[in-house]
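The values are calculated or read from the model by the stated rules, or taken from the named source; none is laboratory data. Bear in mind that the values here come from a model prediction, so they are computed numbers and not experimental data. Quick reminder, even Gly has a Cβ in these numbers, built from the backbone with ideal geometry, and neighbours come from all protein chains shown. Ligands, DNA and RNA are excluded from the accessible area calculation, which covers all protein heavy atoms including side chains. Shrake-Rupley method; radii C 1.70, N 1.55, O 1.52, S 1.80 Å.
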Amino acid sequence: MSHVVAATMPAQGTAPDSFTRAAPAAIAGQFAGPLPRVDNAREVAPTDARELSRLFLVRLRELEEGTREYQYARNTLIEMNISLVRFAARRFTARIGAGIEIEDVIQVGTIGLIKAIDRFDPEREVEFSTLALPYITGEIKRYFRDTTWAVHVPRRLQELRVELAKAQETLTEAFGRAPSVKEIAEHLELAEDDVIEGLVAANGYTSSSIDSATGFTECTAARGEGRPLRETVGDVDPAMGLFEDFHTLAPLLRELGDRDRSILQMRFAQEMTQSQIGTELGISQMQVSRLLTRVLTDLRSGMLAS
């Protein structure tokens, strides 16, 4: 154990200055003596780190918080057990990306490690790793839940997404097919509307760039194929709106009287002026204007009602 040396008795609250080498088993039994000095704590072998952690955790409870020796014990525990954070982070490799680096995940996991160190009780005779891993994993999961959604989604729906994913996996395995909304709702004892809301919200978990290729494989890439997503996304078609307006207007036009329909035809189809229409019908231009206003108002109201 080349990175660990046992200290001679230091002055109260000071770091040791001279050291002698000590074996892990001997160190584990020196709960009453000064803490051994650990250089390059991250390089301590897992077995040695486990033995040393027992000693440091016990002594940490005896030391006064804020002292140099307390900080040394706490920082060394963090450094020696950072391998637990890396181990937990590897479980989330598939979810790392889109601006999230492995070092970000390790930093978050380290917060869980620190919480475990501060809350560990040596008197319970539980391995430190047994307590630390759930704390580390919990922090990482919370980080992904809160920061990796492509759009803002309420916490309630973020948590529901996880439950829905588990239910879908369980029911798919049981039925041999994808479950229906009703089956998921019965399995989770939820209302169908809540399940639908959760499924819709789950769509906001990830997003893709409109420049990313669709149907991309090595073969299509070699042939220069694969269309950008933007070329497959639909856009608003102005002609569709016009088509809907015509179909809404048609039955309303059929309900008009002959004179009203003739006025509209002369004004908008033949593009006659109001004076020309008045001459054609034997009425004044003012009467034509009033008739047009009334007819158009009725048609607008009818289309809005439809």
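Here are some notes:
- Within segment 262-293: backbone nitrogen closer than 16 Å to the Leu253 label point (7 Å, Cα to C-beta): 262-272
- Taking every protein chain into account, the accessible area of segment 50-142 amounts to 54 square angstrom per residue (probe 1.4 Å).
- Label point at Arg290 placed 7 Å out along Cα→Cβ; residues across segment 259-277 whose backbone nitrogen lies under 19 Å: 259-264, 274-277
- FRET efficiency for Asp237 and Arg145, using Cβ-Cβ distance with R0 set to 25 Å, rounded to 0.05: 0.05
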